[in-house]
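The structure under discussion appears below in the form of structure tokens.
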Amino acid sequence: MSEVLYGDGIATKTDELINGGGQQLWLFSAFCRADAFQRWFASKGNAFPDKRLIVRWQLGDLATGASDLESYSIACKNGWRFYINQHLHAKAFLIGDEALIGSANLTRRGFASEPPEANRELMVEVNLNPVLEEWFDDILQESREMDDGLFASIQSDLEKITLEDLREIKKIAYSSETMQLLAERTKCSLFTKD
């Protein structure tokens, strides 16, 4: 069974699923802003023993404000594991045995109800199934779990960006040190113990 969600329906269904609890609360979003993560997920996930946030966090995303460093701090304070996947573009939220899949990033504009405060987003609620389990596992295997060393390196790279760099956003790239840290993979899986 699936349900199509848009406008207020996205946040309403998200709250409903979170209130229902479950084993996993996993959020996959290219962009993530601290204000949206805190409001809709961070402190609400206490009923879920396995909470993870997987974001793209390309340096240009952070430099332009599409994502922010504060989301990592909020995740840590609320007991979430935090991952980076430089190739992530999908928006998929695994909440218990249900998944919301669609266009909404984990940002205020992605989860607000109507323009002009919100983008026009569309999500579909589907039951967790073997195909989705495999996709979630594949993305996790490609991702790098954040640690203090990687965070410090990313923060340092971000501080070095100049106004001229922002004019040529496509040329913004992490340092070789950060790229080496990002290349390290954590062996873990959503559906097995890690």
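The values are calculated or read from the model by the stated rules, or taken from the named source; none is laboratory data. Predicted, not measured: the structure shown is a model, and the values here were computed from it. As a convention, Cβ positions derive from the backbone with ideal geometry for all residues, glycine included, and neighbour counts pool all protein chains shown. Calculation scope for accessible area: heavy atoms of the full protein, side chains included, ligands and nucleic acids excluded. Shrake-Rupley method; radii C 1.70, N 1.55, O 1.52, S 1.80 Å.
So which strands (runs of 3 or more DSSP E) stay within the range 40-151 end to end and still have 3 or more residues that are among the aliphatic types (A, V, I, L, M)?
Details: elements: 50-55, 81-84, 91-95, 98-102, 122-127.
The qualifying strands (runs of 3 or more DSSP E) are 50-55, 91-95, 98-102, 122-127.
Could you run through the range 68-94 and say how many residues are within 13 Å of the chain's Cα centre (by Cα) and either open to solvent by 30 Å² or more (accessible area, probe 1.4 Å) or aliphatic (A, V, I, L, M) (or both)? Even if it seems obvious, please write down each step before you answer.
First, the residues of the range 68-94 that are within 13 Å of the chain's Cα centre (by Cα): 68-72, 74-75, 80-94.
Remaining after also requiring either open to solvent by 30 Å² or more (accessible area, probe 1.4 Å) or aliphatic (A, V, I, L, M) (or both): 69-70, 74-75, 81, 84, 86-90, 92, 94.
Final tally of qualifying residues: 13.
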(request) Report, by residue number, each residue of the range 19-67 that is more than 14 Å from the chain's Cα centre (by Cα), open to solvent by 10 Å² or more (accessible area, probe 1.4 Å), under 18 Å from GLN155 (Cα atoms) and of a type in the set (A, V, I, L, M, F, W, C). (result) ALA63
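Of all residues in the range 155-187, which are of a type in the set (Ser, Thr, Tyr), closer than 15 Å to LEU62 by Cβ and part of a helix (DSSP H, G or I)?
The initial filter retains those residues of the range 155-187 that are of a type in the set (Ser, Thr, Tyr), namely 156, 162, 174-176, 178, 186.
Then keep just the ones that are closer than 15 Å to LEU62 by Cβ; that gives 156, 162, 174-175, 178.
Those that are of a type in the set (Ser, Thr, Tyr), closer than 15 Å to LEU62 by Cβ and part of a helix (DSSP H, G or I): SER156, THR178.
Table: residues versus (1) more than 30 Å from LEU5 (Cβ to Cβ); (2) of a type in the set (Val, Ile, Thr); (3) open to solvent by less than 40 Å² (accessible area, probe 1.4 Å).
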| position | (1), (2), (3) |
| --- | --- |
| LEU106 | no, no, yes |
| PRO130 | no, no, no |
| ILE154 | yes, yes, yes |
| LYS160 | yes, no, no |
(request) Please enumerate the residues belonging to the range 52-66 that are at pLDDT below 95 and β-branched (Val, Ile, Thr). (result) THR64
(request) Name the single residue, out of those in the range 2-18 being assigned to a helix (DSSP H, G or I), within 22 Å of LEU128 (Cβ to Cβ) and among the charged types (D, E, K, R), that is least open to solvent (accessible area, probe 1.4 Å). (result) LYS13
(message) For the range 68-83, give me each residue that is more than 16 Å from ASP157 (Cβ to Cβ) and touching a Lys or Arg at 6+ places or on another chain (Cβ under 7 Å).
(response) SER71, GLY79, TRP80, ARG81, TYR83
